[in-house]
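The values are calculated or read from the model by the stated rules, or taken from the named source; none is laboratory data. Quick caveat: nothing in here was measured; it's all calculated off a predicted structure. When we count neighbours, we look across all protein chains shown, and the Cβ atoms used for this are built from the backbone with ideal geometry, even at glycine. All accessible areas refer to the heavy atoms of the entire protein, side chains included, with ligands and DNA or RNA removed. Shrake-Rupley method; radii C 1.70, N 1.55, O 1.52, S 1.80 Å.
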Amino acid sequence: MKRKLLFLVLLPLCTISLCAQKLCTLKGLVTDNASKERIIGATVYDVNDISGGVVTDVNGNYELHLSTGKHTIVCSLLSMAPDTAIINTDTATVFIHNFSLHEQMTQMQTLVISAGRYEQKLEDITVSMDVLKPSLIENKNSTNIKQALDQAPGLNILDGEAQIRGGSGFDFGIGSRVAILIDGLPALPGDGGRIDWNFFPLENVEQIEIIKGASSVTNGSSALDGSINIRTAYPTDIPSTSVSVYSGIYDAPPVGEKWWNGAANFSGTSFLHTEKLGQLDLVLGGMILYDHGYIGPPSYLPLLGKKGNDTTVSPNSLGEKTGRFNFGLRYHPKNAPRLNFGLNGNFVESHNVLSLIWENADSGLYRAYPNTIILQDQKIFYLDPFISYLSAGGFEHSLRARFYYTNNVITDNPSNNTTEFYAEYQCIKKFYALGGLNVTGGLVLNQTHSNTDSTSYLGVSLPATANYLQNYAAYAQLDKKFWDVLNLSIGFRDENFIINNGKIDSKPVFRSGASFKLAQATFLRCSYGQGYRYPSLTERYINSQFSDLSIFANSNLQPETSWNSEIGIKQGFKIGSFMGFIDAAAFWQQYQNTIELIYGQWGKQYVTPTIFSYTPGFEYLNTGPTQVKGIDASIEGEGKITKDLKIDVLGGYTYTVPQALNPSLIFATDTSKTKLSYNSTSSNTANNILKYRFQNIAKIDIEVKYRACFAGGDWVYYSHMQNIDEAFYSLSSTADYGIAEYRNTHTGGINVFNARIGKDLSKKLKASLVVNNVLNLSYSLRPLKIEPPRTFAVRVTWKV
């Protein structure tokens with residue numbers, strides 16, 4: 001059984017108080033009953049003196065000092081059944097006793113870190129959280145993390161942007177309200193926030209933890225609506241190697257033009273090797289991806305009005321090509337078993353494509369409108385040095401850092417590069433003398449430097465810029481369990497931002513929560529959390545030109561603040577050997593200074609000193625107070641129906657009411673003196689529903705395995721998106737986008753079905769067939785962008 005416990009998340013205990021009487025020594029080894037692996041971090045203690053307990057070292061050894069007499073000794077570890085021994089120590093000598101623990105894990109006892117920065121059972125946390133396992137990623141033939149996240153209840157990915165419970169609309173990938181982390185460290189680009197989902201080491205995912213609701217206290221500014229923490233794995237005692245190869249094709253679109261000749265294919269391979277080399281833990285992984293793509297270039301030259309390819313793109317340039325290599329090194333010194341340190345890294349180089357607007361709503365659904373397709377050559381890498389130490393007094397110290405670099409070369413727009421340095425010191429201590437009070441505290445330093453090249457587009461000069469953002473923060477969180485049924489949590493964070501060496505913007509945020517065990521498998525929880533999001537550098541300083549989608553800078557943009565409250569219940573169930581849980585929550589979140597991308601006449605160009613014209617486009621603005629209320633429910637279960645038949649289920653439903661609280665508020669006046677409000681910029685103001693939100697989302701994934709074969713499928717439902725920018729309707733009248741025509745004929749919900757089958761060909765080899773969009777539905781989630789037609793893919797995985 002895998003056991004990858006870092007000292008950072010060990011259960012610390014107080015040092016031993018020596019008595020005047022003679023002491024005996026009890027020592028031994030703690031192992032896993034099934035795998036025989038040595039267990040790091042198990043707690044060994046006397047039931048009559050738990051403050052004098054010890055923790056097993058990196059080799060699974062322990063040494064406990066006892067007074068003479070009879071003692072009941074317990075060895076325990078989260079997720080495993082404890083082992084107990086009666087020890088009689090009648091003389092001052094050395095006693096040997098080895099403990100063997102066996103797994104006692106259920107869905108309710110899944111171990112998570114993201115909620116409190118230390119390891120907890122899922123049943124004990126005070127916020128809403130979903131956990132995705134790597135088996136779902138592999139069996140769905142996910143080529144990037146985004147495809148797996150799409151199955152998580154309460155979360156959807158809208159054209160690359162993560163949205164949790166309707167807390168954000170679509171902002172062209174800038175300024176995420178959901179924090180994305182790799183092993184607890186921020187992975188959003190420092191300048192803007194548009195994530196490249198191929199960047200994440202998909203082949204080495206231990207689990208994905210999704211917090212729904214404000215989590216700014218532990219995860220910082222971007223976690224206004226929640227966070228996604230992708231946890232990677234370290235080696236076990238047994239070396240492991242896996243290689244996956246897949247290949248697939250796009251089916252012909254059900255409507256519109258099939259612009260490609262022959263087959264539009266995609267293919268890739270990934271690998272992972274993990275091994276312990278003495279005191280060194282080694283992880284090596286990587287992938288190569290090619291994707292022909294399903295959205296083609298414009299069918300005519302915009303200035304000449306004749307058939308042909310856009311001057312900036314051609315079919316051959318639209319394919320995505322990505323390569324990634326990642327590694328992990330962790331060293332455990334022999335003479336310092338409580339210390340470990342190491343270095344992780346991830347390197348990505350890619351050529352990718354972003355289509356902003358379809359050519360038209362008829363034959364051009366699967367083509368881009370002229371000058372609105374972006375070709376990007378990208379280089380990204382990070383290096384993460386870290387060190388952690390468990391002191392004799394039970395204090396867990398860790399210092400982690402990340403050097404993050406991105407370089408983007410973009411067609412017809414300014415290229416940019418960004419360097420980001422992040423460092424975090426964290427200390428965790430569990431005070432058994434105070435009834436098991438867990439204290440977590442930390443200090444954060446984050447500095448971002450962004451450089452944008454000068455360029456010219458359609459006669460508009462865009463000067464080079466350099467911007468600098470500093471962030472300093474301190475946080476603390478207290479967690480305590482009472483009477484083994486009540487878990488209380490309270491946290492605080494102080495955020496400080498300095499942009500371009502200007503004034504300091506400071507904001508304290510708080511959170512609190514409680515989880516109460518009503519019955520053996522029934523848990524009631526409630527929580528309150530404040531959120532704070534500082535605008536990204538791109539939101540404040542971006543100047544980009546994409547046909548009618550010009551984006552203008554707003555250096556006066558103010559931070560967003562919010563509060564989130566919820567009450568939820570988690571109910572475990574067991575039907576034979578099938579077990580899992582049902583979770584339901586009601587939530588309410590309010591925002592101040594909500595940031596949205598608003599269309600207007602923002603640019604002023606002088607023709608003569610007295611004659612000038614206005615340039616239309618978008619600008620990020622504070623649009624006033626908003627709120628999102630709703631309910632969120634999920635179900636997760638797994639187990640055997642018969643000896644040979646196993647079933648896994650993951651599903652959920654989310655209903656939200658996202659509203660503008662002051663729809664007539666004039667939040668800006670553009671350069672043509674037009675007053676802008678929610679009412680004037682929205683296409684549909686019924687019930688004051690915010691733009692780019694799905695009010696109803698339902699999804700379920702079911703997989704059945706019979707002996708060596710498995711079959712599975714999933715269904716996702718999106719309700720009609722009521723409100724979008726009114727500007728797209730007016731632009732359509734001149735640019736022939738056809739958005740009004742399309743939305744008037746597509747007023748119902750969207751149902752998408754995917755399916756998969758597979759077989760274990762041997763203990764080491766597995767093959768599967770995956771069909772996405774089984775019904776070959778032509779549908780749009782983000783207005784003016786069509787989703788992929790049906791795809792077929794074959795995947796073969798070899799593990800040893």
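Would you pick out the residues in the range 476-516 that are among the charged types (D, E, K, R) and open to solvent by 50 Å² or more (accessible area, probe 1.4 Å)? K481, D484, K503, K507, listed by residue number.
Whenever a residue of the range 425-450 is in contact (Cβ under 8 Å) with a residue 24 or more places away in the chain, its partners that are surrounded by fewer than 20 Cβ atoms within 10 Å (Cβ to Cβ) and among the β-branched types (V, I, T), lying with C-beta atoms within less than 6 angstrom and at least six residues away or across chains, give the pairs K429/V439; Y432/I50; H449/T419.
A residue that is in a strand (DSSP E or B), at pLDDT 95 or above and surrounded by fewer than 19 Cβ atoms within 10 Å (Cβ to Cβ) cannot be found anywhere in the range 301-310.
So how many residues does the range 12-39 have that are modelled with pLDDT under 50 and either in contact with a Gly (Cβ under 7 Å, 6 or more places away or on another chain) or open to solvent by less than 40 Å² (accessible area, probe 1.4 Å) (or both)? Summing the residues that are modelled with pLDDT under 50 and either in contact with a Gly (Cβ under 7 Å, 6 or more places away or on another chain) or open to solvent by less than 40 Å² (accessible area, probe 1.4 Å) (or both) in the range 12-39 gives 6. Scanning the range 782-800 for residues that are open to solvent by 20 Å² or more (accessible area, probe 1.4 Å) and in a loop (DSSP other than H, G, I, E, B) yields a count of 5. The residue that is nearest to the chain's Cα centre (by Cα), counting only those in the range 208-232 that are open to solvent by 10 Å² or more (accessible area, probe 1.4 Å) and more than 24 Å from D494 (Cα to Cα), is R231.
Taken over the range 50-83, the criterion of being among the small types (G, A, S) and on the phi < 0 side of the Ramachandran plot is satisfied by S51, G52, G53, S67, S76, A81. Here N751 meets each of (1) modelled with pLDDT under 95; (2) open to solvent by 60 Å² or more (accessible area, probe 1.4 Å); (3) assigned to a strand (DSSP E or B) with one exception, condition (1).
A residue that is assigned to a strand (DSSP E or B) and open to solvent by 60 Å² or more (accessible area, probe 1.4 Å) occurs nowhere in the range 531-554.
In the range 678-692, the residues that are under 15 Å from G167 (Cα atoms) and in contact (Cβ under 8 Å) with a residue 60 or more places away in the chain form Cβ pairs under 7 Å with partners that are assigned to a loop (DSSP other than H, G, I, E, B) and not aromatic (F, W, Y), at six or more places apart or across chains, as follows: L690/G169; L690/N723; K691/G169; K691/N723; K691/I724; Y692/G169; Y692/M721; Y692/I724. Pick from the range 367-394 the residues that are in a strand (DSSP E or B) and touching a helix residue (DSSP H, G or I) at 6+ places or on another chain (Cβ under 8 Å): which of them is most open to solvent (accessible area, probe 1.4 Å)? Restricting to residues being in a strand (DSSP E or B) and touching a helix residue (DSSP H, G or I) at 6+ places or on another chain (Cβ under 8 Å), the top hit is Y389.
Each residue in the range 347-366 was checked for being more than 24 Å from D171 (Cβ to Cβ) and either of a type in the set (A, V, I, L, M) or crowded, with 20+ Cβ neighbours inside 10 Å (or both), and 3 pass.
Among the residues of the range 614-672, the ones that are of a type outside the set (S, T, Y) and farther than 27 Å from V127 by Cβ come to 21 in all. For beta carbons closer than 6 Å, sequence separation of 6+ or different chains, a first residue in the range 320-343 that is closer than 15 Å to L282 by Cα and a second that is part of a loop (DSSP other than H, G, I, E, B), the qualifying pairs are N326/P201; Y331/Q279; H332/V58; H332/Q279; N340/H332.
The set of residues in the range 620-647 being within 30 Å of N687 (Cβ to Cβ), touching a residue at least 60 places away in the same chain (Cβ under 8 Å) and touching a Leu at 6+ places or on another chain (Cβ under 7 Å) consists of Y620, N622, T626. Kindly check whether there is at least one residue in the range 700-711 that is open to solvent by 20 Å² or more (accessible area, probe 1.4 Å), among the small types (G, A, S) and in a helix (DSSP H, G or I). Checked against the condition, which is being open to solvent by 20 Å² or more (accessible area, probe 1.4 Å), among the small types (G, A, S) and in a helix (DSSP H, G or I), the range 700-711 yields no hits at all. Of the residues making up the range 613-647, those that are open to solvent by 80 Å² or more (accessible area, probe 1.4 Å), of a type in the set (A, V, I, L, M, F, W, C) and modelled with pLDDT under 90 number 1.
Looking across the range 675-690, the residues that are more than 32 Å from the chain's Cα centre (by Cα) and within 13 Å of E726 (Cα to Cα) come down to L676, S677, N679, S680. Considering only the range 77-93, I want to know if a residue exists there that is open to solvent by 10 Å² or more (accessible area, probe 1.4 Å), within 21 Å of Y234 (Cα to Cα) and among the charged types (D, E, K, R). There is no residue in the range 77-93 that is open to solvent by 10 Å² or more (accessible area, probe 1.4 Å), within 21 Å of Y234 (Cα to Cα) and among the charged types (D, E, K, R). Just so you know, in the range 434-453 the residues that are among the hydroxyl-bearing types (S, T, Y) and open to solvent by less than 20 Å² (accessible area, probe 1.4 Å) include one that is nearest to P186 (Cα to Cα), and it is T448. Taking first residues from the range 255-279 that are within 30 Å of F341 (Cβ to Cβ) and among the small types (G, A, S) and partners that are open to solvent by 50 Å² or more (accessible area, probe 1.4 Å) and part of a loop (DSSP other than H, G, I, E, B), the Cβ contacts under 9 Å between residues at least 6 apart in sequence or on separate chains come to G278/K334. Checking each residue in the range 705-756 for being touching a helix residue (DSSP H, G or I) at 6+ places or on another chain (Cβ under 6 Å) and without any contact (Cβ under 8 Å) to a residue 24 or more places away in the chain picks out S732, A740.
T797 meets the conditions (1) without any contact (Cβ under 8 Å) to a residue 60 or more places away in the chain; (2) under 17 Å from G248 (Cβ atoms) in every case but one. The failed one is (1). One residue stands out among those in the range 40-76 that are hydrophobic (A, V, I, L, M, F, W, C) and at pLDDT below 80: the one that is surrounded by the fewest Cβ atoms within 10 Å (Cβ to Cβ), which is I50.
For the residues N438, N467, N446, N471, the requirement of being among the polar types (S, T, N, Q), modelled with pLDDT of 85 or more, out of contact with any Ser or Thr (no Cβ under 8 Å at 6 or more places or on another chain) and under 20 Å from S221 (Cβ atoms) singles out N446. When residues in the range 240-275 are screened for being closer than 13 Å to G286 by Cβ, of a type in the set (A, V, I, L, M) and open to solvent by less than 40 Å² (accessible area, probe 1.4 Å), 1 of them pass. From the residues in the range 758-773 that are in contact with a Phe, Trp or Tyr (Cβ under 7 Å, 6 or more places away or on another chain) and part of a strand (DSSP E or B), which one is farthest from F792 (Cα to Cα)? Ranking the qualifying residues of the range 758-773, first place goes to L765. Residue pairs whose Cβ atoms lie under 9 Å apart, separated by 6 or more positions or on different chains, with the first residue in the range 89-111 and under 25 Å from I210 (Cβ atoms) and among the acidic types (D, E) and the second open to solvent by 40 Å² or more (accessible area, probe 1.4 Å) and modelled with pLDDT under 70, are E103/M1.
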